[in-house]
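Read through the structure below, which is laid out as structure tokens, and then see the notes.
The values are calculated or read from the model by the stated rules, or taken from the named source; none is laboratory data. All of these numbers come straight from a predicted model, not from anything done at the bench. So basically every Cβ, Gly included, is an ideal-geometry build from the backbone, and we count neighbours across all protein chains shown.
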Amino acid sequence: MSAFLTLVARDLRLAFRQGGDAAMVIAFFVLTVVLFPFGVGPEPELLQRIAAGIVWVTALLAALLSLERLFQADYEDGSLEALALLPLPLEAQVLAKCLAHWLTTGLPLIIVAPLLALLLHLDPAGYPPLIAGMALGTPILSLIGAIGAALSLGARRGGVLLSLLVLPLYIPVLIFGVAAIEAEIQGFGARPDLLLLAALLVLALGLVPFAAAAALRLALE
Amino acid sequence: MPPTQTLPNPGDFTGSGLACRRGEKLIFRGLDFVLAAGGALVLIGPNGSGKSSLLRLMAGLTPCDAGMLAWSGTDIREDMGAHRARLHFIGHSDALKPVLSAGESLAFWARMRGATATTEPALARFGLANAAMLPCRYLSAGQRRRLALARLAAAPAALWLLDEPLTSLDTEAAAQLLAAIAEHRAQGGRVVLSTHAPIELGDATRLSLADFRPSPAEAAARLLA
């Protein structure tokens, strides 16, 4: 097994043993979405109108919750220092950790999102672009989040700093994710927005490893 | 490639004119060393004299403020991947996860270095054969230290950088570590370690960091420059 997969497997094993993180993200996602009918009223027309936005905004916030631990635990117990001294380049390790993070948080979000959309009376035409958009968008959330998590390492109140750094960068994902659903419902087709999300994903895959690895090296100096 | 060092022997790990700065403060300067295959370098000096900083410099974790580290005469910065592949760095923290067992932790670090063999001999070597299945949160400080050091035996590397390796070790474990170091050196490996305790390593070079401390005037001049 290559070093890359060994690292992914180790992070997944840690996530399953510690349990809390992934379950907390899903619980937060579900609870927050459920709050909206209480807050804005249960009228199906209103909920249907705002369903796409609610699901996407809440998914962004849920993804944000788990980011702080992405490098923090490894930083505190010295594992990050040891990882940085392995033959596998730190850039590849960032990708491995993002992949593990996405598998434990992004993937569950994709699975739960359609159920929550059902709760909010999302138009049936909106489901395929919701799932496709989440499949393209949640990896971007993990990747951009990795930059924020690396930059806020060692900072006091790193969690708050992390939110302030990362949330503005999440806006494009939110815009195209919601636009894909709206466009499909209105009959224009979701293809352009999904392609833009795919472009963002490719861009993030190419740039994030270098940015995050540079930030990690600075934190370790 | 520019001529970087005068007549280095193949496999020599050398530092020339090394200076290290932490924050604004100059810690040491003008430090030279040569570490041949099978050699050992023992760093001594009071707290804050830069023993850990020098080890981190050698590992490539922090950049040199001045001077150059070279392997066989080639600047290590030219190929950091190759440098990382030939070194083991055991710092102050043990890099263990509370929920992973001792065996799993060691196997992870060994596999990340490309070792495929079983880790049991490495565990046994540091007296942890019975602790392999134990989650790391139940290990004592000494056992955690032994487990960190077992990484040395689980995957081969030409250069061992050990920061205060004797901390929390009992006499038995210290003897096991010294035996491992002796064997490593007999096979042509190199060791750099920092210590406060008197340590018996055959014909090791002692490097006192206090000798390279900048004078107050020097530190001030460097700051202004």
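Just a yes or no: is a residue in segment A:88-95 within 22 Å of the chain's Cα centre (by Cα), outside any helix (DSSP H, G or I) and of a type outside the set (A, V, I, L, M)? Within segment A:88-95, not a single residue is within 22 Å of the chain's Cα centre (by Cα), outside any helix (DSSP H, G or I) and of a type outside the set (A, V, I, L, M).
Counting only residues that are outside any helix (DSSP H, G or I), more than 19 Å from A:GLU221 (Cα to Cα) and aliphatic (A, V, I, L, M), how many does segment B:67-123 have? Quick ask: steps written out before the conclusion?
Taking segment B:67-123 first, the residues outside any helix (DSSP H, G or I) are B:67-75, B:86-101, B:113-119.
With more than 19 Å from A:GLU221 (Cα to Cα) added as a condition, the list becomes B:70-75, B:86, B:96-101, B:113-119.
Subset that is aliphatic (A, V, I, L, M): B:70, B:96, B:99-100, B:115, B:117.
Counting residues in segment B:67-123 that are outside any helix (DSSP H, G or I), more than 19 Å from A:GLU221 (Cα to Cα) and aliphatic (A, V, I, L, M) gives 6.
With the condition kept exactly as written, say whether any residue in segment B:147-167 is in contact with a strand residue (DSSP E or B) (Cβ under 7 Å, 6 or more places away or on another chain) and more than 26 Å from B:THR119 (Cβ to Cβ). Break it down into steps so the answer makes sense when it comes.
Going residue by residue through segment B:147-167, those that are in contact with a strand residue (DSSP E or B) (Cβ under 7 Å, 6 or more places away or on another chain) are B:148-149, B:151-152, B:157-165.
From what is left, the residues that are more than 26 Å from B:THR119 (Cβ to Cβ) are none.
Checked segment B:147-167: no residue is in contact with a strand residue (DSSP E or B) (Cβ under 7 Å, 6 or more places away or on another chain) and more than 26 Å from B:THR119 (Cβ to Cβ).
Scanning segment A:166-193 for residues that are buried (at least 16 other Cβ atoms within 10 Å of the Cβ) and either farther than 20 Å from A:THR58 by Cβ or touching a Pro at 6+ places or on another chain (Cβ under 6 Å) (or both) returns A:ALA180, A:ILE181, A:ALA183, A:GLU184, A:ALA190. Restricting segment B:109-130 to residues that are buried (at least 20 other Cβ atoms within 10 Å of the Cβ) and of a type in the set (A, V, I, L, M, F, W, C) leaves a set whose member that is nearest to the other protein chains (Cβ to nearest Cβ) is B:MET112. Can you confirm whether B:ALA59 is touching a residue at least 60 places away in the same chain (Cβ under 8 Å) and surrounded by fewer than 20 Cβ atoms within 10 Å (Cβ to Cβ)? No.
Quick test for you: out of B:LEU152, B:LEU166, B:LEU178, B:LEU162, pick the one residue that is under 24 Å from B:PHE33 (Cα atoms) and part of a loop (DSSP other than H, G, I, E, B).
B:LEU166
With respect to B:LEU43, determine if the residue is within 14 Å of chain A (Cβ to nearest Cβ), surrounded by 16 or more Cβ atoms within 10 Å (Cβ to Cβ), closer than 30 Å to B:ALA141 by Cα and not hydroxyl-bearing (Ser, Thr, Tyr). Answer is no for this residue.
Within 14 Å of chain B (Cβ to nearest Cβ) and either modelled with pLDDT of 95 or more or surrounded by fewer than 16 Cβ atoms within 10 Å (Cβ to Cβ) (or both): is that true of A:LEU5 in this structure? The answer is yes for A:LEU5.
Counting only residues that are closer than 16 Å to B:CYS20 by Cα, at pLDDT 80 or above and not in a loop (DSSP other than H, G, I, E, B), segment B:192-223 holds 6 of them.
Right, B:HIS88: more than 22 Å from A:ARG10 (Cα to Cα), facing another protein chain (nearest Cβ under 9 Å) and not hydrophobic (A, V, I, L, M, F, W, C) or not? Walk me through it before giving the result.
Numbers: more than 22 Å from A:ARG10 (Cα to Cα): no; facing another protein chain (nearest Cβ under 9 Å): yes; not hydrophobic (A, V, I, L, M, F, W, C): yes.
No: the conditions fail for B:HIS88.
Of the set (1) under 17 Å from B:PHE13 (Cβ atoms); (2) away from chain A (no Cβ under 11 Å); (3) modelled with pLDDT of 90 or more, all apply to B:SER52 but (1).
Would you confirm whether or not segment A:158-166 contains a residue that is hydroxyl-bearing (Ser, Thr, Tyr) and closer than 21 Å to A:ALA117 by Cβ? Don't jump to the end; show me each part of the working.
The first filter runs over segment A:158-166 and keeps only residues hydroxyl-bearing (Ser, Thr, Tyr), leaving A:163.
Still in the list and also closer than 21 Å to A:ALA117 by Cβ: none.
Taking every residue of segment A:158-166 in turn, none turns out to be hydroxyl-bearing (Ser, Thr, Tyr) and closer than 21 Å to A:ALA117 by Cβ.
Could we say that A:ALA63 is surrounded by fewer than 21 Cβ atoms within 10 Å (Cβ to Cβ) and more than 10 Å from chain B (Cβ to nearest Cβ) here? Taking the combined requirement at face value, the residue does not satisfy it. Does A:GLY159 count as buried (at least 20 other Cβ atoms within 10 Å of the Cβ), touching a residue at least 60 places away in the same chain (Cβ under 8 Å), farther than 30 Å from B:ALA85 by Cβ and not hydrophobic (A, V, I, L, M, F, W, C)? So A:GLY159 does not fit the description; no. Based on this model, can you work out whether A:ALA96 counts as modelled with pLDDT of 95 or more, surrounded by fewer than 20 Cβ atoms within 10 Å (Cβ to Cβ), within 14 Å of chain B (Cβ to nearest Cβ) and closer than 27 Å to A:ALA219 by Cα? No; evaluated as a whole, the condition is false for this residue. As a summary of the residue check, B:ALA154 satisfies the conditions (1) on the phi > 0 side of the Ramachandran plot; (2) touching a Pro at 6+ places or on another chain (Cβ under 9 Å) except for the one numbered (1).
No other residue among B:ALA85, B:ALA59 is closer than 25 Å to B:PRO198 by Cα and modelled with pLDDT of 90 or more apart from B:ALA59.
Mind checking whether some residue in segment B:3-21 is among the hydrophobic types (A, V, I, L, M, F, W, C), surrounded by fewer than 18 Cβ atoms within 10 Å (Cβ to Cβ) and within 14 Å of the chain's Cα centre (by Cα)? No - not one qualifying residue is present in segment B:3-21.
Across segment A:51-65, not a single residue is classified as free of Cβ contacts under 8 Å to residues at least 40 places away in the same chain, outside any loop (DSSP other than H, G, I, E, B) and over 18 Å from the mean Cα position of the chain (by Cα). Of all the numbered requirements in (1) of a type outside the set (S, T, N, Q); (2) closer than 18 Å to A:ASP77 by Cβ; (3) at the interface with another protein chain (Cβ under 8 Å from one of its Cβ atoms), B:LEU106 misses one, and that requirement is (3). Please tell me if B:LYS51 is buried (at least 20 other Cβ atoms within 10 Å of the Cβ), of a type in the set (Lys, Arg) and more than 28 Å from A:ASP11 (Cβ to Cβ). So B:LYS51 fits the description; yes.
Output the residues belonging to segment A:19-40 that are of a type outside the set (Val, Ile, Thr) and surrounded by fewer than 15 Cβ atoms within 10 Å (Cβ to Cβ).
The first filter runs over segment A:19-40 and keeps only residues of a type outside the set (Val, Ile, Thr), leaving A:19-24, A:27-29, A:31, A:35-39.
A:GLY19, A:GLY20, A:ALA23, A:MET24, A:ALA27, A:LEU31, A:LEU35, A:PHE38, A:GLY39 - these are the residues of segment A:19-40 that are of a type outside the set (Val, Ile, Thr) and surrounded by fewer than 15 Cβ atoms within 10 Å (Cβ to Cβ).
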